[in-house]
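Let me begin by presenting the structure, written as structure tokens, before commenting on it.
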Amino acid sequence: MTRPWAAPGTVLALLALLAGCGLPDATGEPPRPPARVADATTESSEWEVADPGPLRGGLLRADLLVLAPESLPGDIVESVRAVPGVREASALSVASVPVAERTITVAGVDPSAYRRFTPEVTAESDAVWRSVAKGETVIGHGIGRDLRQPPGSVLEFANRPDLGVRVGAHAVTVPHVDAVVNDRRAAQLGIVAGNALLVSAAPDRLAEVAAAVRTAVTGRATLQPLTATTPRTGSRQAAHLTGGTVARAVGTFSYEYFPDGTVRPDARWVAANIRTDRVPLLGQVTCHRTMLPRLRAALTEVVRTGLADAIDAGDYGGCYVPRFIGHDPNRGLSLHTWGIAIDLNVATNQRGTAGRIDRRVVDIFARWGFAWGGTWRWTDPMHFELARLVTVP
């Protein structure tokens, strides 16, 4: 396990690992599936950047990611670039963004610079990078399957329900990155500009480069080695959710994870944020302290409007349940890990169904700031998550 990094202020570090990596080939490298690109669209957008044109410069291996909670200071950038053995250090913006019941790691990039760090089959696909430049998103094959988001569909972000970003392609880009957008889209999503550096090192000097970069950034940023495989157990630092009032309220934690896909956030974050209290209908629940008053208000209104029988207290699926989606470390943290999601009437509201939960209950929860999983592409009608902070009297 690695030792959690501590720094003044909020810690921001990479979470999610690229889903969908296959078995290694004869060289030991995972196979690189070709990009699946959506049909071109001629819509212009204020989120477009310049067309990157053809690939320029040689390909680079993505070895290390330097990541900070705020924009990296110039002296840190220059010190990393000056490390002997560093071939390239390219600036980008990285954060975890809530999508459906999970978080995904999103990188805001300059398409021309970032494509050089991707596998050859992706780097040479002009269509992939034109799509990013136009303001679309490119997502990993595994994430596309998990979220039921084929090329040409619209990806919706829980922190920006008013924003839908077209999926331009499925492609393998850089390990630990689930989705790629251009810099303008990243700003729209609330991702801090220039808070990361993607580093390529001379292959025979990787260990010494990593040690020197870690020394250069200690106390001001964190260093994440980039590999295509995920250990079954370990320790990481969790990225705070980007954008929106809920994201600012929930805080950030480091955590351990275990072979069964469960997660143990650090005790300080739990003590500061997770509370057990009684609420109408459900009785005793354990959630994030920011969640509890909104949950109580929603359930109080359910009772007051005569809908108490619409919620089965014996079929409550929990709130604070720290785990990966599907208990798989490759698939990102569930929002239950933050204690800002609940599952109601589980048996009659399974994934992929319309669900039988009373839509008047759904409307009440929406008024108190909750998003409902029944509207997702792959529905989860039992699931409600806190998406905005409504003032509770």
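Read the figures in this text as sums done on the coordinates, not as results from a lab. Bear in mind that the values here come from a model prediction, so they are computed numbers and not experimental data. Counting neighbours? That spans all protein chains shown, and the Cβs are built from the backbone with ideal geometry, glycine included.
Kirkwood hydrodynamic radius of the range 36-247 from all distinct Cα pairs, in Å?
Final number for the Kirkwood radius of the range 36-247 is 17.4 Å.
Wrap a convex hull around the Cα atoms of the range 82-161, take a quarter of its surface area, and give that in square nanometres.
Reported value for the Cα convex hull: 6.6 nm².
Compute the signed sum of charges (Lys and Arg +1, Asp and Glu -1) over the other residues within less than 13 Å, Cβ to Cβ, of A107.
Charge balance in the 13 Å sphere: -1.
Pairs of Cα atoms under 8 Å, at least six residues apart: use those to get the relative contact order of the chain, whole percent.
20 percent
Rank these for me by crowding, I143, I325, going from fewest to most other beta carbons within 10 Å.
Least to most surrounded, the residues fall as I325, I143.
On a C-alpha basis, how far is the centre of the range 134-199 from the centre of the range 371-389 in Å? Whole number, if you could?
Here the two parts' Cα centres lie 20 Å apart.
If you take the charge dipole of the chain about its Cα centre, with +1 on Lys and Arg Cβ and -1 on Asp and Glu Cβ, which of P151, W269, L226 is farthest toward its positive end?
With unit charges placed on the Cβ atoms, the residue in question is W269.
Within the chain, what's the longest stretch lacking trypsin sites (Lys or Arg not before Pro) that sit in DSSP loops with no more than 14 other Cβ atoms inside 10 Å?
233-350
At 222 nm, what value in deg cm²/dmol follows for the chain if DSSP H runs of at least 4 each add -39500 (n - 2.57) and the sum is divided by all its residues, to the nearest 500?
After summing the helix terms and dividing by residue count, I get -6000 deg cm²/dmol.
So how far, in whole Å, is the C-alpha centre of the range 288-320 from the one of the range 72-111?
About 40 Å separates the Cα centre of the range 288-320 from the one of the range 72-111.
Counting Lys and Arg as +1 and Asp and Glu as -1, what is the net charge of the other residues whose Cβ lies under 15 Å from the Cβ of D75?
Overall, the nearby charge balance is 0.
With +1 assigned to the C-beta of every Lys and Arg and -1 to the C-beta of every Asp and Glu, and no other charges, what is the dipole magnitude of the chain about the Cα centre in debye, to the nearest 20?
Around 700 debye, computed over the chain.
Given 20 °C and 1.002 mPa s, compute D for the range 280-389 with the Stokes-Einstein relation, Rh being the Kirkwood radius over Cα pairs; round to the nearest whole µm²/s.
Reported coefficient: 153 µm²/s.
Cα extents of the range 91-135 along the three principal axes, largest first, in whole Å?
That gives 33, 21, 20 Å along the principal axes, largest extent first.
Can you give me the three principal axis dimensions of the chain from its C-alpha atoms, in Å, biggest first?
Reported extents, whole Å, longest axis first: 67, 47, 41.
List D110, D309, D277, D178 from most exposed to least, where exposure is judged by having the fewest other Cβ atoms within 10 Å.
In increasing order of surrounding Cβ atoms, one gets D309, D277, D110, D178.
Give me W376, W129 sorted ascending by neighbouring Cβ count inside 10 Å, so fewest comes first.
W376, W129
Add +1 for every Lys or Arg and -1 for every Asp or Glu among the other residues with Cβ under 12 Å from the Cβ of V209, and state the total.
+1
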